[in-house]
Amino acid sequence: MRRSVKFRLIFLISTIVSYSLGFQFLPESLDGDLNLRLVIGFSVLYFILLPLSYWFCIIKVGEQKLWKMLLIFSLSSLMARLSFPAEIAGYFEFIAWLRYPIIAVLLAIQLFLMVSIVKGLWQARNLSGDPRVHILETFQEQDDKKRSLALVMASEPASWYYAIPYLSRNHVPAITALKLRSSSLWCWFMLILGTLATSSLAYFVIEPWSQLAAIIVASIISYSLVMVTANYRLSRHYSLYSQHDNLIINNSVWGFMSIKLTDIADIEIGEYFRKENKEGLHFGYGASSNIKLSFHQPQTYFGGLGQLTEQVDSIDMQLADPQALVEYFQQYIANQSGVPLSVDGSTTQELQACDSPAISAELSSGS
């Protein structure tokens, strides 16, 4: 497990435990020294220790933007409003008033989804690839906030694009496929059942507070069935392909990379055990990978629907046919340099002799 993922899990578990203990042990009033100490202790936990933990685990280790600290302070304020004694919780009353803006926002989301579905379907009708890739090419020179927002917006048409076979009929063919669990029918079926169960649970939990909010939240969760279907079809058919001189790697619908083929410095086929490189970025399931890519300059991996970014110098993958990627890359460089391919597609020596560093590469087709 990579260090950034490990610390995200540590923070998530710590947060769940902290808030659960708060609901369990915080008193209903400030009467008595013990109750006061408990409130002070949990205040320190909510507003000092957890934000510090978020800063270290998410901002520093995960290399995220500092403005995201607002998320943990907002969440702690909400938990304080719900779990602190009445004398203290009153200071967080502004959180309770947020129920009306929240409902308004949820209604706006519903309206936005309806508009974006129609707009996204119309825009995606003639695309030959992932709408997120088109957005990434458009906003690649923009700042992080604009790019993040653009990727979130692009996730909507991308989900419909991949979920409906007719819309993705013009998609460029895959070079080969990543070995992903999400490409199996049983995983798709289990995700559908999990989505429906979560939607039902959300309705029954929220309904005593607000029936309207319960209906809206449950419908939004149910709407994610489109993304679940897109996740299955994307993983099964379009996990690795090339478009506009870029190599597109889709680690299911949740994360992807777009790499310029000229930025690939080295492709090696072999057996790469992941326990020997726990900090590396690995695609595909299993204890090892069968191909490794190194880059001339750091490349960006967009995880969490494009919201969690990582800079990497190399990646390794478990592919169904790693030789197909090597041959495709050889063919691409041969086309760029004018060096003819031999019958078996082997042009390693000729390509190494090229003067242009942008298209030179050292290729190893065996372990």
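Among the residues in the stretch 250-273, are any small (Gly, Ala, Ser) and closer than 20 Å to Glu137 by Cβ? Yes, that holds for at least one residue. Condition check: open to solvent by less than 50 Å² (accessible area, probe 1.4 Å) and closer than 19 Å to Gly306 by Cα. Does Ser224 satisfy that? Here the answer is yes, as Ser224 does meet what is asked. When the residues of the stretch 280-325 are filtered to those that are touching a helix residue (DSSP H, G or I) at 6+ places or on another chain (Cβ under 7 Å) and aromatic (Phe, Trp, Tyr), the one that is nearest to Met257 (Cα to Cα) is Phe302.
For the stretch 239-256, which positions are open to solvent by less than 30 Å² (accessible area, probe 1.4 Å) and in contact with a strand residue (DSSP E or B) (Cβ under 6 Å, 6 or more places away or on another chain)?
The answer is Ser239, Leu240, Tyr241, Asn246, Leu247, Ile248, Ile249, Asn250, Gly255, Phe256.
Candidates in the stretch 257-281 are the residues that are free of Cβ contacts under 8 Å to residues at least 60 places away in the same chain and part of a strand (DSSP E or B); of these, the one that is surrounded by the fewest Cβ atoms within 10 Å (Cβ to Cβ) is Phe273. The set of residues from the stretch 1-38 being surrounded by 15 or more Cβ atoms within 10 Å (Cβ to Cβ), in a helix (DSSP H, G or I) and not aliphatic (A, V, I, L, M) comprises Ser4, Phe7, Arg8, Phe11, Ser14, Thr15, Ser18, Tyr19, Gly22, Asn35. Within the stretch 220-233, residues that are basic (Lys, Arg) reach partners that are buried (at least 16 other Cβ atoms within 10 Å of the Cβ) with beta carbons closer than 8 Å, at six or more positions or on different chains, in the pairs Arg233/Tyr162; Arg233/Ala163; Arg233/Ser168. Can you tell me which of Ser314, Ser289 is crowded, with 20+ Cβ neighbours inside 10 Å, outside any helix (DSSP H, G or I) and modelled with pLDDT of 85 or more? Among Ser314, Ser289, only Ser289 is crowded, with 20+ Cβ neighbours inside 10 Å, outside any helix (DSSP H, G or I) and modelled with pLDDT of 85 or more.
Within the stretch 237-247, the set of residues being assigned to a loop (DSSP other than H, G, I, E, B) and more than 18 Å from the chain's Cα centre (by Cα) comprises His244, Asp245.
The values are calculated or read from the model by the stated rules, or taken from the named source; none is laboratory data. None of these values were measured; they are calculated from a predicted model. Glycine also receives a Cβ, built like all others from the backbone with ideal geometry; neighbour counts cover every protein chain displayed. Quick note on the areas: whole protein, heavy atoms, side chains included, nothing else; ligands and nucleic acids left out. Shrake-Rupley method; radii C 1.70, N 1.55, O 1.52, S 1.80 Å.
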